[in-house]
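The values are calculated or read from the model by the stated rules, or taken from the named source; none is laboratory data. Being a predicted model, the structure only gives us computed values, none of them experimental. Every residue, glycine among them, receives a Cβ derived from its backbone with ideal geometry; neighbour counts consider all protein chains shown. Note: areas computed on protein heavy atoms with side chains; ligands, DNA, RNA excluded. Shrake-Rupley method; radii C 1.70, N 1.55, O 1.52, S 1.80 Å.
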Amino acid sequence: MMVAGFSCFTLSSLFLVMMAHGIVAFDMLSNDNLAVYWGQNSYGAINPGKTAHWQKTLSYYCMDNSIDTFPIAFLVDSYAGGNLPSIDLANICNSGNANYFPGTGLLNCSFLASDIEMCQSAGKAVTISLGGGSGNIHFQNDSQAAAYAQTIWNLFLGGKSKTRPFGSAVLDGIDMDIEGGSQTGYVSFLTALRKHMNRGKKKYYITAAPQCPYPDAYIGNTLNAVGFDAVYVQFYNNYCGLQHYNHPNDWNFDAWDNWANKISPNRDVKVYIGAPASSAAGSGYVNSKRITSIIQQTQSNYSSFGGVMLWDASDAYANHRYDKAVKQALTHDED
Ligand SMILES: *[C@@H]1O[C@H](CO)[C@@H](O)[C@H](O)[C@H]1NC(C)=O
Ligand SMILES: *[C@@H]1O[C@H](CO)[C@@H](O)[C@H](O)[C@H]1NC(C)=O
Ligand SMILES: *[C@@H]1O[C@H](CO)[C@@H](O)[C@H](O)[C@H]1NC(C)=O
């Protein structure tokens, strides 16, 4: 009785605290989520002199309710020495301010554990994104790929390893941002990883960031064979990008919605509008007023709509908190 009463009290006070701060647990099935990539310091890459706006440590971006999910960009190479991957977090964790685990090409960024845990306790999901523009996520065959699921599980998720790049932090899943190479082994990798996740102590997520041309050249076959939780479709740097929203032969959210409802093995998969957070990043950027109207039309029209993905956190903050405007559009918050 005492124990039950106590835990009930603890839970309800936690709930009250969460309510007071407007914190709600992450819900993959909602239609107003905002996922923002963090790790690459996109702003700093384009503005090397303007260090004041360079990417800050992760917890800096978890201080309010704008962003729900942070895919950490990137796990770059699947194998980079010692049968382990490499990661690159630009100005935040690099060979100048962190060490490689001995005999590997993998940085020890374990000083980020408390940052990640802080964001998670604020109701946000933090995942590791594999790939990126210069990524090399590559398997020789299915058995190597299936074994790699154990590696990812041990390094970033619920498993154990002496070489966990984020130390004690247990990430909430993985993201596949595959922009080149072959899909050999991907189904085997993700199927094996999902088995680990299903046996885990909490919910884990698998997402992907395909380019908008449908079907995607680098992850499309995998998307049709494995149940993903969400796809962050990159509606930029392409003819089907946001700049062509009014051209029905170009803007193709409907193709992705159709994939979600009729082809994806997970018919509850959520489709996000992936957008640049500033005009610096190629084509596809639209201002906050324009994206607000696109978001609200798409949200009301498609049941598969899950929210918005932005590239990246540094750009969004430097661009007058574009992330905040997007979240307000998603939640119909007029303020
Ligand atoms: C990783 O770095 C932390 C300090 O940031 C250190 O305490 C730990 O021993 C390192 N782990 C390994 C295996 O080198
Ligand atoms: C799969 O690839 C790995 C790594 O290259 C290799 O060691 C192994 O022999 C291959 N297995 C099969 C069945 O081809
Ligand atoms: C709503 O969805 C239908 C079916 O895909 C599509 O033809 C129409 O253009 C969409 N309208 C908006 C505003 O997205």
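When the stretch 121-165 is filtered for residues that are under 16 Å from the mean Cα position of the chain (by Cα) and of a type outside the set (Val, Ile, Thr), the ones remaining, listed by number, are Gly123, Lys124, Ala125, Ser129, Leu130, Gly131, Gly132, Gly133, Gly135, Phe156, Leu157.
Look at Asn41 and say whether it is among the polar types (S, T, N, Q), modelled with pLDDT of 95 or more and open to solvent by 50 Å² or more (accessible area, probe 1.4 Å). First the steps, then the outcome.
Values: among the polar types (S, T, N, Q): yes; modelled with pLDDT of 95 or more: yes; open to solvent by 50 Å² or more (accessible area, probe 1.4 Å): no.
No, not satisfied.
Which residue, of Asp229, Asp323, is touching a residue at least 40 places away in the same chain (Cβ under 8 Å), open to solvent by 20 Å² or more (accessible area, probe 1.4 Å) and within 16 Å of the chain's Cα centre (by Cα)? Spell out the reasoning first.
On the way: Asp323 fails: open to solvent by 20 Å² or more (accessible area, probe 1.4 Å).
Just one listed residue meets the conditions, Asp229.
Given Ile295, Ile291, Ile263, which one is among the β-branched types (Val, Ile, Thr), open to solvent by 40 Å² or more (accessible area, probe 1.4 Å) and closer than 23 Å to Ser30 by Cβ?
Testing whether each residue is among the β-branched types (Val, Ile, Thr), open to solvent by 40 Å² or more (accessible area, probe 1.4 Å) and closer than 23 Å to Ser30 by Cβ leaves just Ile263.
Identify, please: which residue in the stretch 266-280 is of a type outside the set (Ser, Thr, Tyr) and surrounded by fewer than 22 Cβ atoms within 10 Å (Cβ to Cβ) and is, among those, farthest from Phe305 (Cα to Cα)? Filtering the stretch 266-280 for residues that are of a type outside the set (Ser, Thr, Tyr) and surrounded by fewer than 22 Cβ atoms within 10 Å (Cβ to Cβ), the one farthest from Phe305 (Cα to Cα) comes out as Ala280.
Kindly check whether there is at least one residue in the stretch 152-164 that is more than 14 Å from ligand 2 (Cβ to nearest atom), of a type in the set (D, E, K, R) and in contact with a strand residue (DSSP E or B) (Cβ under 9 Å, 6 or more places away or on another chain).
Taking every residue of the stretch 152-164 in turn, none turns out to be more than 14 Å from ligand 2 (Cβ to nearest atom), of a type in the set (D, E, K, R) and in contact with a strand residue (DSSP E or B) (Cβ under 9 Å, 6 or more places away or on another chain).
Is there a residue being under 23 Å from Thr184 (Cβ atoms), open to solvent by 30 Å² or more (accessible area, probe 1.4 Å) and not hydrophobic (A, V, I, L, M, F, W, C) anywhere in the stretch 126-133? Within the stretch 126-133, one or more residues are under 23 Å from Thr184 (Cβ atoms), open to solvent by 30 Å² or more (accessible area, probe 1.4 Å) and not hydrophobic (A, V, I, L, M, F, W, C). Residues of the stretch 105-126 that are under 18 Å from Val36 (Cβ atoms) and part of a loop (DSSP other than H, G, I, E, B): Ala122, Gly123, Lys124.
Taking the condition touching a residue at least 60 places away in the same chain (Cβ under 8 Å) and either under 27 Å from Lys160 (Cα atoms) or surrounded by fewer than 16 Cβ atoms within 10 Å (Cβ to Cβ) (or both), does Tyr186 pass? It is false that Tyr186 is touching a residue at least 60 places away in the same chain (Cβ under 8 Å) and either under 27 Å from Lys160 (Cα atoms) or surrounded by fewer than 16 Cβ atoms within 10 Å (Cβ to Cβ) (or both).
The number of residues in the stretch 134-144 that are open to solvent by 70 Å² or more (accessible area, probe 1.4 Å), part of a loop (DSSP other than H, G, I, E, B) and either closer than 12 Å to Asp77 by Cα or within 16 Å of ligand 1 (Cβ to nearest atom) (or both) comes to 2. For the stretch 165-206, a residue qualifies if it is farther than 24 Å from Gly123 by Cβ and polar (S, T, N, Q), and the qualifying residues are Ser182, Gln183, Thr184, Ser188, Thr191.
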